[in-house]
Structures are given as C-alpha cells and as structure tokens.
Amino acid sequence: MSTNSADNGQFGHRSAPSGPIVPKTASEALRPEAGTPPPKRSRASRSQFVVFLNFVISLVMLLVLAAGFALYFGKQEFNEPGPSANADTFLVKPNTGVQEIAEQLERRGLISDARIFRLGVRAFGNDSALKAGEYEIKPRASMRDIMELLKSGKSVMYSLTVPEGLTVEQALQRIADQAALDGDMPGTIPPEGSLATDTLRFTRGATRQQMVEKLLADQKKLVEEVWQRRAPDLPLASVDDFVTLASIVEKETGKGYERSRVAAVFLNRLAKGMRLQSDPTIIYGLFGGKGKPADRPIYQSDIKKPTPYNTYLINGLPPTPIANPGRAALEAVANPSKTDDLYFVADGTGGHVFAATLAEHNENVARYRALQKELADEAAKAGAAKADAAKVEGQTDAPVDGGDGDAGAAAQ
C-alpha cells in the first residue's frame, strides 16, 4: 500500500510542488497570485460583420421600442379631447389633401398636432376619404371625431327661400345677399315669372349662378307639368298667358282656400271680354320688379295712369307676369272653381267676398267701406293728430278702397 500523502484520499490537502522551492521575499509572498486567464475569443466573434450585426439588432430593438411608445402616445392624443373650447366651422375646399387639412386645423386651434392627425388619418386608411364641405366642429372634438366628421361628408347646410309672389328682381336680390354663396350674379335678368318659389338647401361654396339655374329649371318643369293637367276650354292662348294669370292670382290673395275662386273670377271675366281690373297689375306697372314701397298706398289717381300693365285700362292680360307664381296659384288657374263669380272685394280679414252680379258686388263694397270707416274712427280716437294728417292726404288723392281685388268694378 502506498504511503504518499497525495494518494491517501485525504480531501483539502495540497500536494507538494514538484521541483525545487524558490525562496520569496516577504513582499512577494504577500502579492496575490495571478488568476486563470479568460479563454481567447474565437475569430468569428471578433469579425466586423458580427459586430455590425449586433449593432443593427440593438438599433432595431431601440427603434421598435421608440415606435411603440410613439404609437401609444400618438393614439392617446388622437383620441383625447381637442384644444378648442368653442364650437367652430371648418371649410374643406375640393381637392384639398390631408396634409393641408391637418395644417389648417392646427392653425385654427382645432387640433394640437398636424402630424399626429395626418398619421392617424392614414393609419385608419382614410387618406383619400375626407370630403369637401363646411363642417361644424363641436367643442373639445378629438382628432378622431374630426376625421370621422370629414369622412362622413355631413356639411353645414344653408337655406335660400324664394317666397311666392316675389318678382324676379326681388328673388335675385335675395340670392345676391346670401353670403354663403360664391360667384357673381348672372349677366342677364331672367324673364318675369320664370323662377321657382321654393327653399333650396346648399353647402358653402355653391354659386349664385347654380341657384338661378336651379330655380329656372324647377319652374319650367313645374309649369309644364301643371299646364298638361289643365281643365279644357280655358280662355288662355298659351302657356305664357297661363303663367301671367297665375302671377296675378298669386298677388291677389294669400289665402290658399280661395285661390281657385279668384282664378275663376279672372277666367270668367276673360271669357266675357271684361277687363280684369286687378290692383297688383297697377302696382307692377308703376314700380316694376322693385315692388311698391310698403308705406305707399294705391291712390285713385293711380288707376288712371296708363301703363302696359294697368288692367283697369287695357283689355285682356298684361304683356308679362307680374311675379313668380307658386304651385298653388298655377294649380288654381289650371283647374279653377266652377262658379259664375265676376267680382270680389276684400272682407277686412285678409280674405275676399265674391259676387256674380254687380249689384251684389256693390253691396259687398259698401259693407267693406263701412268696416273701413269704423276702423278709421277707432284709429282716429287713438291718435287724432295722425288721423288728421291722413285725412288731409286723403282729400287730395284718396287711396283706393280695399287696396286689392276688383276695386274698380263698383263704378261699372
């Protein structure tokens, strides 16, 4: 059995170094011994390609992290309430790109960052889906809310109303005064009676020329439609006469229920060769398309002033319409009431009293004048000075009794 301590199996005992023992100084003995050197790096790990690849991977990871943070915070800002505390309108003109829209929104203070809006729109695939128009932006609307609104095309709508009985000149003035419309007015004035009486809805950017063309087209279509359904044997030579008489009916009464009866009176008079004696034709002859001033009555002397439109002096119809008739007036002339009435006079309540004979009509006129006198007496009690001034004016040139209807028929 071996007696060598290195082979005796005892743990923790170091074997004696082989070779001669070199004596050390005290400082050398205290100096720590060198450790085991690290293994040498392989040639592959020391290549520049591997170094570059590691750099690229690290850079990509940083970019992914940065993009993730940017996407998260961008999405938060895209969805959070916007900076505008008040409602506002925003106009998108045709052929405007997303970048320009975003910049305009930022300049107007409707969004906080044009870049986020632009990227958000593109991220949702709406780069070419935003529509032209004028939009109402609600307070605190988010970028996403604005994107959805511009995508929907739900623009702010404006109204243009041309009431029944306006002349073409008065209707054109309304179109010219509508600030939401663009462009100039037409160079020529359309014929009297040729514009539809309607309410048009439009978005900002529509032109005045388009409005006029729409009203012209609508009126032409309406007139042709109603004319085709007219009653037989009307004493009207043409569709132009039809529109002219409808314009007179339009101006004579605002009561829908009596339009067909007023039309019947005028048609009956035409059939008998009687003059129409319509006060609105006197007004048009005196003032044209501008219309009578509201504070200017019709005087007895106006009845005797010759104009091409004064149906107290001319036979038959005036040369043109005196206003734009609406559907109800056109329908009334095309299919009038079946009646023998030849006269009507105002009843003091906005309507009219009708009569088939002159004697009956004179009684109606007398009752109307008595009512007018009663009203005048009450007005005199309320303001004597004003009544005296009106009386002085009436003595020189008295207003026509009634102010509308068949005012001159009682003198026949």
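Here are a few things to note about the model shown:
- A count restricted to segment 220-239 and to residues that are touching a residue at least 40 places away in the same chain (Cβ under 8 Å) and within 33 Å of the chain's Cα centre (by Cα) stands at 4.
- Some residue of segment 252-260 being in contact with a Lys or Arg (Cβ under 8 Å, 6 or more places away or on another chain), modelled with pLDDT of 95 or more and surrounded by 15 or more Cβ atoms within 10 Å (Cβ to Cβ): no
- With respect to (1) under 30 Å from T161 (Cβ atoms); (2) assigned to a helix (DSSP H, G or I); (3) modelled with pLDDT under 95; (4) not aliphatic (A, V, I, L, M), the lone exception for Y284 is condition (3).
- Number of residues in segment 161-196 that are touching a helix residue (DSSP H, G or I) at 6+ places or on another chain (Cβ under 8 Å), more than 21 Å from K93 (Cα to Cα) and not in a helix (DSSP H, G or I) equals 16.
- Some residue of segment 356-376 being closer than 15 Å to N268 by Cβ, of a type in the set (A, V, I, L, M, F, W, C) and open to solvent by less than 70 Å² (accessible area, probe 1.4 Å): yes
- Residue match in segment 146-163 (condition: among the hydroxyl-bearing types (S, T, Y), at pLDDT below 95 and closer than 30 Å to K75 by Cβ): yes
- Of all the residues in segment 261-286, those that are charged (D, E, K, R) and surrounded by 21 or more Cβ atoms within 10 Å (Cβ to Cβ) number 2.
The values are calculated or read from the model by the stated rules, or taken from the named source; none is laboratory data. Values in this document were obtained by computation on a predicted structure and should not be read as measured data. Virtual Cβ from ideal backbone geometry, glycine too; neighbours counted across all protein chains shown. Accessible surface areas use protein heavy atoms only, side chains included; no ligands, DNA or RNA. Shrake-Rupley method; radii C 1.70, N 1.55, O 1.52, S 1.80 Å.
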